[in-house]
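The values are calculated or read from the model by the stated rules, or taken from the named source; none is laboratory data. Since this is a predicted model, take the numbers as computed values, not measurements. Positions of Cβ are backbone-derived with ideal geometry, glycine not excepted, and every protein chain shown enters the neighbour counts.
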C-alpha cells in the first residue's frame with residue numbers, strides 16, 4: 001500500500017495525471033452542483049406545487065376522520081390541520097345563496113398562502129397566518145355580489161350569525177374543488193358546532209392536512225395507507241394535480257438531461273486525459289515488466305492510483321459543487337423572490353460515483369491494454385504512440401492536407417470530443433428553446449381564468465351573443481354526466497378494481513362531451529378522430545389504463561336513466577396544463593344530442609372580473625368558477641422552472657468550454673514536439689499561427705456541423721418522447737453549430753497553443 | 001551449481017508481415033556460461049534485438065527452446081517468465097528508458113522495490129549511483145541529465161540488484177564516441193566486479209571485441 005502511494009506521488013509529477021484529476025474535478029463539480037441545484041429547485045417546485053394541496057399529504061373522507069391520525073402524525077413531528085367542507089345556505093337580511101362552507105382549524109393552511117382583500121374590488125393582501133376570528137367569516141367576492149352586501153354585513157349560517165369581515169381571494173387548495181359551484185366561505189372550526197349545520201347525516205368532506213420533512217411524511221403515508229377506510233382517500237402531489245405534475249415532470253426531465261450531458265462532456269475530457277496518461281505509462285510498464293514485475297502488480301498499482309485520483313477528485317469536486325450551487329441558487333432566488341430549500345445529500349453519492357465510474361469506465365480498457373503490453377515492446381519501440389504529424393511548413397493552407405487530417409488519429413479524436421461537446425450544448429439549446437416556448441404557449445397571458453359551467457342548452461345562443469358583445473372568445477362544449485355501468489356488456493363492479501383511483505372514478509359520474517374539432521391541447525395516440533361518424537368514443541389514455549379498457553371496447557354509460565353504449569374508436573393523451581376544458585371521454589358529434597346535457601366553457605376575463613357579476617345576473621343558472629388563482633400559481637411555477645432551466649444551461653455551457661480546453665490541453669505535449677520540429681525546419685511564427693488557426697477552425701467547423709445534425713435528430717426524438725413537443729426539421733442548429741464550433745474551437749485552440757510559439761525550438765526538443 | 005546461464009536450441013522466430021510470414025531467426029543455437037561476456041553483432045534488421053528478447057524471456061520463439069538459469073521458458077506464461085527474471089536479470093537499453101517522472105535515485109530504487117523485503121533500498125540505490133559517479137545527481141530528473149548521465153543511471157539501475165545476467169541492447173548507440181567509451185568502460189568494470197553474465201547486442205565491433213565471446217548474426221543465423 002505504501003509503495004502504491006509512493007508510485008501515485010511519483011505519477012503526480014506527470015502533467016497527464018494532474019490534468020486527469022482536473023478533468024475529474026470539473027466533472028464531479030458539474031455533476032454535484034447540478035445535482036444539488038436540481039435537488040433544491042425540485043424541492044422548491046414540489047413545495048410550490050404542494051401549496052395547491054394546502055399540505056404535503058391530505059386525507060379526505062366523506063365521514064368524520066379519527067383524531068388518532070393527527071396524533072400519529074404529530075408524533076412523527078408533522079404539522080397538522082383540519083378542514084370540513086359542506087354546502088349550506090348563507091343568508092343576509094334580504095337574500096339567500098348556496099355557499100360552500102369551509103371550516104378550518106387554526107393551523108390551516110400548512111402549505112401555500114391565503115390572500116384576502118378589504119372589499120370586492122380592493123387590492124388583495126397576503127393573509128397567511130391569519131384566519132377568520134371567532135364570530136367572523138371570509139367569503140369569495142361572488143357571495144358579496146349574490147347577497148348584495150358589503151364587508152361588515154351580517155350573514156346567517158345555520159343558527160349562528162357571523163360578520164362577513166373580508167373578501168377571500170386565494171386559498172391554496174382551491175384547485176382540489178375545481179367543480180365547486182357555490183362561492184366559498186371560510187370560517188373558524190371552533191364556530192362550527194354552534195351553527196348546528198353539521199349533523200351525522202350531513203354531506204360533508206372532512207380533511208386532515210399533514211406537512212413536514214419529506215422522510216417523516218413518507219413514513220406517515222406508508223403507515224396510513226393500509227388503514228384507509230373505503231370512504232377515505234389520500235391526496236398527494238403524485239396522485240392529484242396532473243397539470244402541475246406535468247409541468248414539474250418536464251422541468252425535472254430537462255434538468256436531468258442537462259446533468260446527463262454534463263457527464264457526457266466530462267466523460268469526454270476524462271477519456272482523453274486517461275488515454276494520454278496510459279500512453280505515457282506504456283514505456284514505464286514495459287521496463288518494469290522486463291525487470292520482472294507481474295501483470296497483477298501492474299494492475300493493482302494502476303488501479304490504486306486511479307482510485308486514489310478518483311477519491312481526491314470526488315472530495316474536491318463535491319466541495320466545489322456544493323459551494324457553486326449556492327452561488328447559482330442565490331442568483332436564482334433573486335428572480336423567484338425567495339430562498340430555495342436546502343438540497344438533499346444524494347448528489348454527494350452521485351459525485352463519488354461519477355468520479356469512480358468515469359475514471360474506471362474510460363481508463364480501465366486502456367489499463368488492460370497497458371497490463372497486457374508485451375515487454376518485448378521495450379526493444380521494439382512504442383509504435384503505438386502516435387507520431388507527431390509533421391508536415392512541411394508552407395503548404396499548410398492547401399486543401400491537400402485534408403486527407404492527412406482524415407488519417408490522423410489525433411484529429412479524429414479531437415473531432416469526436418468537439419462533436420460531443422458541441423452536440424451537448426446544441427441539444428440543450430434547442431430543447432430548452434422549444435420547452436420554454438411550449439410553456440409560454442401552454443400558459444399564454446390570455447389563458448382562461450374562469451370556467452363557466454351548468455349552461456343550459458337554451459342559454460347557449462344568448463350567452464354567445466353576450467360574449468361577442470363583450471369581445472370575449474369562447475367555445476361552448478356540451479357536457480353530459482354519466483356513470484359507467486358496463487364494459488363490453490359486462491356490469492362494472494367497483495370492488496373488482498384494486499386501485500383507489502379506479503374506485504374513485506367509478507363511484508362518481510364522468511363528464512362526457514361531444515364535439516367535431518380535435519382538441520388542440522390533446523394528442524391522438526391510437527385510432528382515428530371522428531370524421532362524420534355518429535358513433536364512437538375517444539378516451540383519455542390514463543383512464544383507459546386505470547379502468548382497463550381500450551380500443552374497440554364498448555362502454556355503456558347511464559345518463560340520467562338513459563343508457564348509451566358506444567365503442568372506443570380513439571385514445572388521446574391530454575395535456576392537463578392547457579387550462580382548456582379537457583374530457584376523459586368524448587363522444588362522436590351528434591351522438592348525444594338527445595341526452596340531458598349542459599354546456600361548459602372557459603374564458604379569459606383578466607382585469608374585468610366584474611363581468612362575472614353581470615353575467616350571473618343575466619344568466620342566473622350559470623355557475624362561474626374563478627381559476628385565476630390556480631393559473632397564477634401554475635404560471636409562477638412555470639417561471640420558476642424556466643429560470644432553473646436557464647441556470648442549469650449556463651452551467652453546462654461553462655462545462656462544455658472547460659472540456660474543450662481540457663481536450664486541447666491533453667495533446668499539448670504532442671503539439672509541443674510538433675511545433676519544435678516545424679520550427680527547426682524553418683517554420684516562422686506567422687506560418688505556425690496560421691497553421692494552428694487553420695487546423696482548429698476546420699476541426700471546429702466539421703465537429704460543429706456533425707454536432708448540429710446529431711442535435712437536430714436527438715432533439716426531435718427527445719422532444720417528442722420526453723417533452724411532448726412536436727417534431728420539426730430545423731436546420732439552424734447545423735448552421736449555428738458549424739459557425740460557432742469553428743469560432744469556439746479555433747479561438748480556444750489558438751489561445752491554448754499560443755504560449756508554445758514563444759518557446760525556443762531547442763528547449764522544446766529537450767523537454 | 002549449473003555453470004550455464006543461457007542455452008538455446010534451434011531458435012526460430014517468424015512474424016506475419018504484409019500477409020506472409022517473415023522469418024527473423026532461422027535456427028539459433030548457443031550456450032552462454034555463467035559470468036561469461038557475449039557480444040551479438042549484426043546489421044540493422046538482422047534480428048539482434050529479437051534474439052536478445054527471446055534470451056531474456058521477453059518473448060517466446062516460434063519454435064526451438066530457451067533455457068534461462070536451467071529453466072525451460074516454453075510452457076511458462078508471461079508472469080512466470082517475469083518471476084524468473086525478478087532480481088536476477090538486469091537491462092540496459094539504447095534509449096535508456098528511464099522513467100521521466102522519477103528522479104535518478106527513484107529510477108535506481110525501482111528494481112529493488114519489486115523485490116520482497118529489501119533492506120534500505122534508498123541506501124543501496126545511492127551506493128549504486130555513487131559507483132557510476134552520480135552521487136551528486138540523486139534528485140535530478142532524466143530530463144535534467146545529459147545522455148551519458150542518463151545511461152549511467154540506467155547502469156546503476158541494472159546492477160543495483162546484483163543480477164546474474166545483464167542484457168544490454170546497444171548501450172552506447174545513442175551516445176557520442178567519448179561518452180560511449182566511458183559508458184562501456186563502466187559497464188565492463190561493473191560486470192567484472194559482480195561476475196555478472198553479460199549479453200551485449202551491438203553493431204559496434206570495438207565494443208563487441210571487449211567481450212569474451214563474439215557471435216555474428218547474419219540473415220537470422222549465427223555465423
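Of note:
- Looking across A:501, A:473, one residue alone is under 35 Å from the mean Cα position of the chain (by Cα) and part of a helix (DSSP H, G or I). It is A:501.
- Filter result (more than 7 Å from every other protein chain (Cβ to nearest Cβ), under 13 Å from residue B:161 (Cα atoms) and touching a helix residue (DSSP H, G or I) at 6+ places or on another chain (Cβ under 7 Å)) within region B:80-95: B:90
- Residue check, residue A:537 modelled with pLDDT of 80 or more, under 36 Å from the mean Cα position of the chain (by Cα) and under 15 Å from residue A:568 (Cα atoms): yes
- Among the residues listed as B:60, B:129, B:76, B:98, the single one being buried (at least 23 other Cβ atoms within 10 Å of the Cβ), in a loop (DSSP other than H, G, I, E, B) and in contact with a helix residue (DSSP H, G or I) (Cβ under 8 Å, 6 or more places away or on another chain): B:98
- Looking across region A:458-474, the residues that are surrounded by 12 or more Cβ atoms within 10 Å (Cβ to Cβ) and modelled with pLDDT under 85 come down to A:470, A:472, A:474.
- With respect to (1) free of Cβ contacts under 8 Å to residues at least 12 places away in the same chain; (2) within 14 Å of the chain's Cα centre (by Cα), the lone exception for residue B:92 is condition (1).
- Residue within region A:188-201 that is under 30 Å from residue A:599 (Cβ atoms) and either modelled with pLDDT under 90 or in a loop (DSSP other than H, G, I, E, B) (or both) present: no
- Taken as a whole, the structure leaves residue B:113 outside the set of residues that are within 8 Å of another protein chain (Cβ to nearest Cβ), under 19 Å from residue B:159 (Cβ atoms) and either touching a strand residue (DSSP E or B) at 6+ places or on another chain (Cβ under 8 Å) or modelled with pLDDT of 85 or more (or both).
- Residues within region A:4-32 that are closer than 26 Å to residue A:293 by Cα, assigned to a helix (DSSP H, G or I) and either more than 14 Å from chain B (Cβ to nearest Cβ) or in contact (Cβ under 8 Å) with a residue 24 or more places away in the chain (or both), tallied: 9
- Members of region A:222-259 that are assigned to a helix (DSSP H, G or I) and modelled with pLDDT of 75 or more: A:222, A:223, A:224, A:225, A:226, A:227, A:257
- Listed by position, the strands (runs of 3 or more DSSP E) enclosed by region A:534-597 that each have at least 1 residues that are under 30 Å from residue A:250 (Cβ atoms) are A:537-540, A:562-574, A:585-587.
- When the test is whether a residue is out of contact with any helix residue (DSSP H, G or I) (no Cβ under 9 Å at 6 or more places or on another chain) and in a loop (DSSP other than H, G, I, E, B), residue A:517 passes it.
- Picking from residues in region B:132-146 that are touching a residue at least 40 places away in the same chain (Cβ under 8 Å) and assigned to a helix (DSSP H, G or I), the one that is nearest to the other protein chains (Cβ to nearest Cβ) is B:143.
- Only listed residue being touching a helix residue (DSSP H, G or I) at 6+ places or on another chain (Cβ under 6 Å), away from every other protein chain (no Cβ under 14 Å) and either surrounded by fewer than 23 Cβ atoms within 10 Å (Cβ to Cβ) or closer than 25 Å to residue B:184 by Cβ (or both), chosen from B:31, B:4, B:41, B:14: B:41
- Qualifying residue in region B:163-179 (condition: in contact (Cβ under 8 Å) with a residue 24 or more places away in the chain and in a helix (DSSP H, G or I)): yes
- Listed by position, the strands (runs of 3 or more DSSP E) contained in region A:85-168 that have at least 2 residues being touching a residue at least 24 places away in the same chain (Cβ under 8 Å) are A:96-104, A:115-117, A:136-139, A:154-157.
- Conditions (1) touching a residue at least 40 places away in the same chain (Cβ under 8 Å); (2) part of a strand (DSSP E or B); (3) within 11 Å of chain A (Cβ to nearest Cβ); number of the one not met by residue B:49: (2)
- Residue among A:509, A:540, A:545, A:533 that alone is out of contact with any helix residue (DSSP H, G or I) (no Cβ under 9 Å at 6 or more places or on another chain), in contact (Cβ under 8 Å) with a residue 12 or more places away in the chain and more than 26 Å from residue A:450 (Cβ to Cβ): A:533
- All told, residue B:76 falls short of being more than 8 Å from chain A (Cβ to nearest Cβ), under 16 Å from the mean Cα position of the chain (by Cα), under 21 Å from residue A:298 (Cα atoms) and modelled with pLDDT of 85 or more.
- Condition met for residue B:121 (under 30 Å from residue B:71 (Cβ atoms) and either within 12 Å of chain A (Cβ to nearest Cβ) or modelled with pLDDT of 90 or more (or both)): yes
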